[in-house]
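The values are calculated or read from the model by the stated rules, or taken from the named source; none is laboratory data. Quantities reported herein were computed from a predicted structural model and do not represent experimental measurements. With ideal geometry, Cβ positions are generated from the backbone for all residues, glycine too; neighbour counts draw on all protein chains shown. Note: areas computed on protein heavy atoms with side chains; ligands, DNA, RNA excluded. Shrake-Rupley method; radii C 1.70, N 1.55, O 1.52, S 1.80 Å.
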Amino acid sequence: MSCNHVTLVKPALLLLVWQSVWSLDVPLEIRQPPTIVKQSMKEHIVDPKDTMVIECEAKGNPHPMRSGTLDIYAWNDPEQYEAEYQCIASNEYGSAYSHKIRLRLYRAPVWPREILEPVVVSAGLPLVLSCDPPPGPPKPETYWMSSCKCLCTSSPVRQDRRVSMGVNGDLYFSHVLFNDSTADYCCNARFPYKNVIQQKMPVVVKVLTTRTVAEAAPTWLSPSGSSSSTLVLQGEELLLECIAAGVPTPRITWTRDGEDLAATPRMRFKNFNKMIQIPKASFEDVGEYVCAATNKIGYIEHTITVRVKAAPFWLEKPSDLVLAPEENGRLVCRTDGAPRPTVAWFVNGEPIESDTPQPNRQVSGDTLSFRSVTAANTAVYQCNASNQYGYLLANAFVNVLHATPRILGPSNELVKVTEGSRTFLDCRYFGSPVPDLRWSKYGQGNLEGNRFRTHGNGTLEIKRIQIEDQGTYLCVVSNIAGRDQSQVRIEVKEPTLIVTRPQSMKVIRGSDVRFECGVKADVSTPVTTTWMKDKKLLSLGWRTSMDESNLVITNVNRGDEGNYTCVVKSELDQKSASARLMCIRLCDCSCIFCLDRPSPPTDLELSDPYERSVRLSWVPGDSNHNPITENLVQYDDDDWLPGKWRNLSTYPGNLNSVILHLQPFTYYEFRVIAINEIGQSRPSRPSKRFQTSGAPPDVIPKNVKGVGTWRNNMEISWEVTETWNGPHLKYLVWWRRRDSREEWKNATTKWLKYYIYDADTFTPYELKVQAVNDFGLGPESPVVIGYSGEDLPSAPSSFRIQQRHLDSIYVDWDLPAEPNGIITGYSLKYQTVNATRGEELQVEEFPPNVTSFSVRRYDRYTRYRFSAAARTRLGIGEWHTEESPHYTTETYAQDQVDITTQGWFIGIMCAVALIVLILLAVCFIKRSRGGKYPVREKKDISLEPVDDKDQDGSFDYREEERGLQRGQPSTEAMMKPSDSDDSLVEYGDGGEIQFNEDGSFIGQYTGTRRDVRELDFGGSLELHSPMNTIYSLA
């Protein structure tokens, strides 16, 4: 891609640069300012014969403009393009700036074709041959050759204390000798850009001889004078050089600030002590270095003052900020240097002072602070730190947004680790505001502390992982905008161990050697074993072979001596163990015999055969004056690859008849090896071939599984080891529906899988498997539960639409009546019914544990049509569609709850029922009392019917009383004494009572009625309980 815009930077413009570009890991689907991720070096050398390419790649959302690769085609006058370039990557959220890129043209290095006159010099005088290579770029590497006219005889100039090459490439002779004129000399320069080597025209040196070579005191060839100074920047290479002339050749010594210098890891002496090399200079290297040249004639010194300065370097580089609105943040640009750098801030490439002022943004030296950020703060900010020796530039964006948490990278990973190791589980995440992160196992609890540690980037560290740590780990990130999760499954394997380590041995020449390397590893982790000799891979041959993981060397000789290492490697770890082999010949001269390894056993015989054992007997060989300590029995049971011997067992050296424990229905051959302190005997001749009798299988099928691959089938699979114990091995598969009374069904197969094609959809089945051969049935596997295939689910059940607030509608649902599998989530589609506003159909996806949703309405009259469906592994099932009803009054805006289930309502109803019961009881007592006498005859007032209302508008209750007396007792009748009760007891405790002239009660016969609402229950009528009320009214 060609760059759409290129900015040529004028020399007067100070640009700050930082070579390595680091950016926050923000997903590209999130809107963000640009970030430059790749750019050419500051010093960019190109060949003008080729297309000149300047790289500048950036990322952002939207994708940045004015960035990309700049291709320059300049076959004519390419020098016009030698300039400084800068790339600007921009989008609507800001502009990022690359560093200044200086384009330099590569020019083929050519020495002028000049004829160099011979150099004539007298013996004993100093000589300097100049090199002066072409300058580059880049700077060439130089070296000197002699006899240059013929390539077949040319050779490097041999350098020593007298002859050496200086830092500038010149060749220095402290004094010349006659032998220096035997050849010509030429300087060679290698240019790294094209890896081209150029040779200068040879120069001939002629040395004039004299009778004697006069001795001379030391003088300086480089540097000149008695003192000099050098300036070096921190981190650059510091080279101090002193080359002296003199006869005899002077010796160079160094001191610093009056103390002798010695070589250290940071400082080296090179070029026969003529040069000090410090690869990375620091401020502690400042001082006065004195080089002294000494011979027997004289002594001279030269003082080199070293000053160290520093271009700006980072202490804390600004990092990209992703903030939510109203959050606070800051960008820190902390640098140092000598002299101390000045720091300036830019916004999208422009000085921050000229940018539009923002009250919530403040610059304080090397810190740019933000308070209560808004979208207006989104931009790319540049930090500029510079001094007279260099500069730094860093881009860092501020991105103000709300972002739902998300986990970056793969999910549902499987991590295999070894027990006891340190394990790291990655969970890179993003969100704004910064999400909270929580690790748990199986979704329960919070993993932190002890052996668990969560790092800032989301990685969970588990120290000394154990078998019980195996399982599924869940990483959950959440903020106010939502949540996301990812899981990692850990399988903890047993570590690979070398249980039998090879032992160092001294063996007799010509004997056989066996290095044991017994390995124990996790049964599910394959391992490979290799052997190395003296740290080099051992090649196997006719004398060197491997028996499983063991190394066997026959007919040992002196060439076999060395260190042997057994290397055991799995996909998770690697272990090794070493031993040394020495070849000797031991003889006891006093007795005239030699100690040697035993002779091999003979006459192997087999007896007492059974299905799982046989007796092996043999005749021991000669011990060769060293007692036999062990007998190793080996076997070969491979019909296809005979001669592959394996160790069966070891027995004490005094036994020659043992019982061997074997597998049924297997062919065996045996051999015996005798062992003493010197080594192992040669193997005995093999025994006769022997077959054990058969037996029923004794292996239990493991890892039995039942998995549906279609809605009405199930694949039953299992694993076994190949121990047949008899011919025609097959497997009997059993199954039946769980929690049913049906009989077990079975089938026989010779494979490790069996399919059921008439299963019900997603139904649990009990499964078991057993092996069978011609000798009978083997043990059954434990019963496991498998599930037949899944299908699409039915629609979610109990779909409800409620309006809990004026401005929102709440929907929820339950699990489908027929899930037909494991529900993996739900889909919800909704849209306004009339769609007059032009709203698009909205689709929401939910995990299986979320069964509710609320939507905000535009107004209280808006209606929605909802459709919900569940998902299984096969896809989305049936949809349930329903429209929300009309909600237009505030009554529907209240929480729609059943008041019959509310406590306050139940309390009121109980109180009403109690009052009704009390009234009924009073009525019953009233009816059961004696007869009444007419009291109205004693009254003077008329009983003629009158209007219900008196003249003053009050209501007359008498007519109502007559009606009530014909029906049921009125409330007033229940709340006052009856007409037939002439007792004064009830009035004894009362207040003042009025009487008529005939002694009758005024209050009783006047016909005055008091409304039951006017009764004072706090007075003489102490109605504190229902029973008190009954007695007082009776």
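Say we look at the stretch 40-87 and pick out the residues that are small (Gly, Ala, Ser) and part of a loop (DSSP other than H, G, I, E, B); which of these is nearest to HIS99 (Cα to Cα)? Write out each step before concluding.
The first filter runs over the stretch 40-87 and keeps only residues small (Gly, Ala, Ser), leaving 40, 58, 60, 67-68, 74, 83.
If we keep only those that are part of a loop (DSSP other than H, G, I, E, B) as well, we get 40, 67-68, 74, 83.
Values: SER40: 9, SER67: 13, GLY68: 14, ALA74: 23, ALA83: 14 Å.
Per the stated criteria, the residue is SER40.
Within the bounds of the stretch 679-701, is there any residue that is farther than 26 Å from ASP638 by Cα, out of contact with any Cys (no Cβ under 7 Å at 6 or more places or on another chain) and either of a type in the set (Lys, Arg) or crowded, with 17+ Cβ neighbours inside 10 Å (or both)?
Residues of the stretch 679-701 farther than 26 Å from ASP638 by Cα: 679.
Restricting the remaining residues to those that are out of contact with any Cys (no Cβ under 7 Å at 6 or more places or on another chain) gives 679.
So of that shortlist, the ones also either of a type in the set (Lys, Arg) or crowded, with 17+ Cβ neighbours inside 10 Å (or both) come out as 679.
Within the stretch 679-701 (the criterion being farther than 26 Å from ASP638 by Cα, out of contact with any Cys (no Cβ under 7 Å at 6 or more places or on another chain) and either of a type in the set (Lys, Arg) or crowded, with 17+ Cβ neighbours inside 10 Å (or both)), the answer is yes, since at least one residue qualifies.
The numbered conditions (1) within 23 Å of GLU571 (Cβ to Cβ); (2) among the charged types (D, E, K, R); (3) open to solvent by 30 Å² or more (accessible area, probe 1.4 Å) are all true for ASP469 except (3).
Could you look through the stretch 365-391, keep only residues that are in a loop (DSSP other than H, G, I, E, B) and in contact (Cβ under 8 Å) with a residue 40 or more places away in the chain, and pick out the one that is nearest to VAL332 (Cα to Cα)?
Looking at residues that are in a loop (DSSP other than H, G, I, E, B) and in contact (Cβ under 8 Å) with a residue 40 or more places away in the chain, I get ARG371.
Within the stretch 316-327, can one find any residue that is more than 24 Å from GLN32 (Cα to Cα) and open to solvent by 10 Å² or more (accessible area, probe 1.4 Å)? No, there is no match, as no residue in the stretch 316-327 is more than 24 Å from GLN32 (Cα to Cα) and open to solvent by 10 Å² or more (accessible area, probe 1.4 Å). Among the residues of the stretch 401-457, the ones that are part of a loop (DSSP other than H, G, I, E, B), over 30 Å from ALA379 (Cβ atoms) and basic (Lys, Arg) come to 2 in all.
Quick check, is ASN712 surrounded by fewer than 18 Cβ atoms within 10 Å (Cβ to Cβ) and part of a loop (DSSP other than H, G, I, E, B)?
Working: surrounded by fewer than 18 Cβ atoms within 10 Å (Cβ to Cβ): yes; part of a loop (DSSP other than H, G, I, E, B): yes.
Yes.
The one condition from (1) open to solvent by 30 Å² or more (accessible area, probe 1.4 Å); (2) touching a strand residue (DSSP E or B) at 6+ places or on another chain (Cβ under 8 Å) that GLN663 does not meet is (2). Restricting the stretch 666-678 to residues that are of a type in the set (A, V, I, L, M, F, W, C) and assigned to a strand (DSSP E or B), the residue that is most open to solvent (accessible area, probe 1.4 Å) is ILE675.
Put simply, of ILE101, ILE88 the only residue that is modelled with pLDDT of 85 or more and under 42 Å from the mean Cα position of the chain (by Cα) is ILE88. Taking the listed residues ARG489, ARG543, ARG483, the one that is more than 25 Å from LEU632 (Cα to Cα) and touching a Ser or Thr at 6+ places or on another chain (Cβ under 7 Å) is ARG489, with no other qualifying. So, in the stretch 420-450, of the ones that are of a type in the set (Phe, Trp, Tyr) and either modelled with pLDDT under 90 or open to solvent by less than 100 Å² (accessible area, probe 1.4 Å) (or both), which residue ends up nearest to PRO27 (Cα to Cα)? Among residues in the stretch 420-450 that are of a type in the set (Phe, Trp, Tyr) and either modelled with pLDDT under 90 or open to solvent by less than 100 Å² (accessible area, probe 1.4 Å) (or both), the one nearest to PRO27 (Cα to Cα) is PHE430. Residues in the stretch 104-122 that are open to solvent by less than 20 Å² (accessible area, probe 1.4 Å) and either over 23 Å from PHE191 (Cα atoms) or of a type in the set (A, V, I, L, M) (or both) were compared, and the one that is modelled with the lowest pLDDT is LEU105.
Annotation: of all residues in the stretch 334-359 being among the charged types (D, E, K, R) and free of Cβ contacts under 8 Å to residues at least 24 places away in the same chain, the one that is most open to solvent (accessible area, probe 1.4 Å) is GLU353.
Please work out if ARG612 is at pLDDT below 90 and in contact with a His (Cβ under 9 Å, 6 or more places away or on another chain). Taking the combined requirement at face value, the residue satisfies it.
Any residue that is in contact (Cβ under 8 Å) with a residue 24 or more places away in the chain, charged (D, E, K, R) and more than 30 Å from ALA244 (Cβ to Cβ) - is there at least one of those in the stretch 278-297?
No, the conditions are met nowhere in the stretch 278-297.
Please determine whether any residue of the stretch 774-797 is in contact (Cβ under 8 Å) with a residue 40 or more places away in the chain, charged (D, E, K, R) and under 30 Å from THR881 (Cβ atoms). So far as the stretch 774-797 goes, yes, one or more of its residues are in contact (Cβ under 8 Å) with a residue 40 or more places away in the chain, charged (D, E, K, R) and under 30 Å from THR881 (Cβ atoms).
With respect to the conditions (1) touching a residue at least 40 places away in the same chain (Cβ under 8 Å); (2) β-branched (Val, Ile, Thr); (3) farther than 30 Å from LEU105 by Cβ; (4) exposed (fewer than 15 other Cβ atoms within 10 Å of the Cβ), VAL196 falls short on a single one, namely (3). Count of the stretch 745-782 residues, restricted to those that are assigned to a loop (DSSP other than H, G, I, E, B), touching a strand residue (DSSP E or B) at 6+ places or on another chain (Cβ under 9 Å), open to solvent by 80 Å² or more (accessible area, probe 1.4 Å) and more than 30 Å from GLU611 (Cα to Cα), is 1.
Name every residue in the stretch 520-556 that is more than 21 Å from GLY643 (Cβ to Cβ), in a loop (DSSP other than H, G, I, E, B), open to solvent by 40 Å² or more (accessible area, probe 1.4 Å) and not hydrophobic (A, V, I, L, M, F, W, C), in order of residue number. Listed by number, the residues that qualify are SER524, PRO526, ASP534, LYS535.
Taking strands (runs of 3 or more DSSP E) as the structural unit, those lying wholly within the stretch 226-315 and holding at least 2 residues that are farther than 30 Å from VAL213 by Cα and open to solvent by 30 Å² or more (accessible area, probe 1.4 Å) correspond to 227-233, 251-256, 268-270. Quickly run through the stretch 729-744 and pick out the residues that are open to solvent by 40 Å² or more (accessible area, probe 1.4 Å) and either of a type in the set (A, V, I, L, M, F, W, C) or part of a strand (DSSP E or B) (or both). Those that are open to solvent by 40 Å² or more (accessible area, probe 1.4 Å) and either of a type in the set (A, V, I, L, M, F, W, C) or part of a strand (DSSP E or B) (or both): LYS730, TRP734, ARG736, ARG737, TRP744. Once the stretch 42-71 is narrowed to residues that are open to solvent by 30 Å² or more (accessible area, probe 1.4 Å) and within 32 Å of the chain's Cα centre (by Cα), the residue that is nearest to ALA396 (Cα to Cα) is LYS59. Here LYS575 meets the list (1) open to solvent by 20 Å² or more (accessible area, probe 1.4 Å); (2) modelled with pLDDT under 90 almost entirely, failing just condition (2). Residues that are part of a loop (DSSP other than H, G, I, E, B), modelled with pLDDT of 80 or more and among the acidic types (Asp, Glu) do not occur anywhere in the stretch 139-155.
Among the conditions (1) more than 16 Å from GLU327 (Cα to Cα); (2) polar (S, T, N, Q); (3) outside any loop (DSSP other than H, G, I, E, B); (4) without any contact (Cβ under 8 Å) to a residue 60 or more places away in the chain, GLN362 misses just one, which is (1).
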